[in-house]
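Engineer: First the structure, then my questions, so here it is.
The values are calculated or read from the model by the stated rules, or taken from the named source; none is laboratory data. Computed from a predicted structure; not experimentally measured. Quick reminder, even Gly has a Cβ in these numbers, built from the backbone with ideal geometry, and neighbours come from all protein chains shown.
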Amino acid sequence: MNDTVNPKSSSVQASNEVSLLDLLQIVADNIKLLTVGPLAVGVTALAISFAIPPTYTAATKFLPPQQQQSMAAGMLSSLGALGGLAGAAAGLKNPADQYVAYLKSVNVQDALIERFKLQERYDAKFKVDARQELSKNARISAGKDGLITVEVDDKDAQVSAELANAHVEELQRLLGQLAVTEAQQRRLFFEKQLKQTQDKLTQAEQALRNSGVNASVLKSNPQAAVTALAQLQAQVTAQEVKVASLRGYLTESAPDFKQAMTELGALRAQLNKLENSSSKVSSDGDYVTRYREFKYQETLFELFAKQYEVAKVDEAREGAVIQVLDLAQTPEKKSKPKKALIAILATLGSGFALLLYVFLRQGLRNANPGIGFEYRIDDTWSATAGRFRNSNNANSNYVGAYYQPWTWAGVKLGVVAGAFNGYPNAYEGGWFPALIPTASLEGQHWGLNVALVPPLKDRLYGTVSFQLKLRLATP
């Protein structure tokens, strides 16, 4: 059996257009509902807003660490090949965004959650839920002026201020663990290089001692050519490190990169020339080789040590200093809820909803809603009966039988024969027979009937009827 839900017919009349006057008339007929209703909702929303716990917002502004022009820039030129390493540790184009990312990191969030016991405060079962709630309550942004603003919402005014200031404190702690600034990155780089070179220098010194030559002999033995060769090898290595660092942020067509490559080529040419002459002069290959390696590592260690000290001085001078412009103070006024805004929005929203309801109600009155039942006997025949509101704003009943022997593209085609009543201009509202063309679309649970009712002079308007069907039982 099929349950025919919302049978409705749309009258096709010459005067079916809706004018502005018709809409205004609908509004005038429902003016009381459209005025009293929104006012009542607005007053109710205002009253409810007084019961909402207040929320306080505290804000702090600070200037993140600035990457200054390092004092190493002037000293690097005296160190030759190692000068380009300062550029390899160049800072970010927009460091403020980086610090915003630090503030939103899990490291900082977890520290705040543990410090303020936010998991219990937010009634969060898991820490990830507490992080999400903290992200909603804490708004972090970087302005065009380079300042970073942290705004925190909380039900407790004191906690909101403390939590905002704690963001800055946790950021300072995190920066102490990371190499963020240019000086910190250079210091970390040269610290690793210095340690590796020191180990190699120790090995070279031990190998030289194993050759049977002590320190006094080394001083008295004029090995000027070997010493110069070792120093030149160290300069070539340092220049290669510089070129490798320049590749990270310069193209090969850049003037600085071309100059560095020219210097590297000249140093390599000098090294090849000196190596050829040294190989002809040296008589003790084992001693010369070990002494050369020792002097090479010694010179490289001195260069790295100087640069490491410069980086440490720059780091101490620059530091990761956060300059707080506005410390978060305990807010005196609540930021939410905004009672007036809530009342206004509730009034406007309910007014729009009621206006839509009035128009829909009027449209449903013109759409002739109703309910009916359909029982399918077989694939061709089915019986139907129901009741609906007709275009004369009167109740009509109908009973009949569908005969649909044809099928086209899954749509059943045929007629429905039956009787109707309830039309004042047709047979004085009594029953009258009708034969109406129909089309039906059947699904497993849903269906649709479309019927075309022709007009009957001035007694019955022409109608297109749509019936949405819900199947209550499967055959």
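Engineer: Taking residue 220 as meeting all but one of (1) at pLDDT below 65; (2) surrounded by 14 or more Cβ atoms within 10 Å (Cβ to Cβ); (3) of a type in the set (Ser, Thr, Tyr), write down the number of the exception.
Structural biologist: Checking residue 220 against (1) at pLDDT below 65; (2) surrounded by 14 or more Cβ atoms within 10 Å (Cβ to Cβ); (3) of a type in the set (Ser, Thr, Tyr), the one that fails is (2).
Engineer: Answer yes or no as to whether residue 307 is of a type outside the set (Gly, Ala, Ser), touching a residue at least 60 places away in the same chain (Cβ under 8 Å) and out of contact with any strand residue (DSSP E or B) (no Cβ under 8 Å at 6 or more places or on another chain).
Structural biologist: Values: of a type outside the set (Gly, Ala, Ser): yes; touching a residue at least 60 places away in the same chain (Cβ under 8 Å): yes; out of contact with any strand residue (DSSP E or B) (no Cβ under 8 Å at 6 or more places or on another chain): yes.
So residue 307 passes the test.
Engineer: Going residue by residue through region 100-114, is there one that turns out to be under 16 Å from residue 168 (Cβ atoms) and at pLDDT below 80?
Structural biologist: As a first pass, look at region 100-114 and keep what is under 16 Å from residue 168 (Cβ atoms): 100-105, 107-109, 111-112.
Subsequent filtering for residues that are at pLDDT below 80 retains none.
The answer is no, given that none of the residues of region 100-114 is under 16 Å from residue 168 (Cβ atoms) and at pLDDT below 80.
Engineer: Name the strands (runs of 3 or more DSSP E) wholly inside region 369-410 in which the number of residues that are without any contact (Cβ under 8 Å) to a residue 60 or more places away in the chain and either surrounded by 15 or more Cβ atoms within 10 Å (Cβ to Cβ) or more than 53 Å from the chain's Cα centre (by Cα) (or both) is 3 or more. Even if it seems obvious, please write down each step before you answer.
Structural biologist: On the way: elements: 370-376, 381-389, 395-408.
The strands (runs of 3 or more DSSP E) meeting that bar are 381-389, 395-408.
Engineer: Name the residues in region 126-156 that are of a type in the set (A, V, I, L, M), part of a helix (DSSP H, G or I) and buried (at least 19 other Cβ atoms within 10 Å of the Cβ), would you? Before the answer, list the steps.
Structural biologist: If we filter region 126-156 for residues that are of a type in the set (A, V, I, L, M), which is where we start, we get 128, 130, 134, 138, 140, 142, 147-148, 150, 152.
Next cut, part of a helix (DSSP H, G or I) only: 128, 130, 134.
Listed by number, the residues that qualify are 130, 134.
Engineer: So, one more: Output the residues belonging to region 416-465 that are among the charged types (D, E, K, R) and either surrounded by 15 or more Cβ atoms within 10 Å (Cβ to Cβ) or assigned to a loop (DSSP other than H, G, I, E, B) (or both).
Structural biologist: Restricting attention to region 416-465, the residues satisfying the condition of being among the charged types (D, E, K, R) are 428, 442, 457-459.
Hits for region 416-465 are 442, 457, 458, 459.
Engineer: Moving to a separate point now. Since residue 322 meets every condition but one in (1) farther than 30 Å from residue 149 by Cβ; (2) surrounded by 15 or more Cβ atoms within 10 Å (Cβ to Cβ); (3) modelled with pLDDT under 85; (4) touching a Phe, Trp or Tyr at 6+ places or on another chain (Cβ under 9 Å), which condition does it not meet?
Structural biologist: (1)
Engineer: All but one of (1) modelled with pLDDT under 90; (2) over 29 Å from residue 142 (Cα atoms); (3) surrounded by 13 or more Cβ atoms within 10 Å (Cβ to Cβ) hold for residue 96, so report the exception by its number.
Structural biologist: (2)
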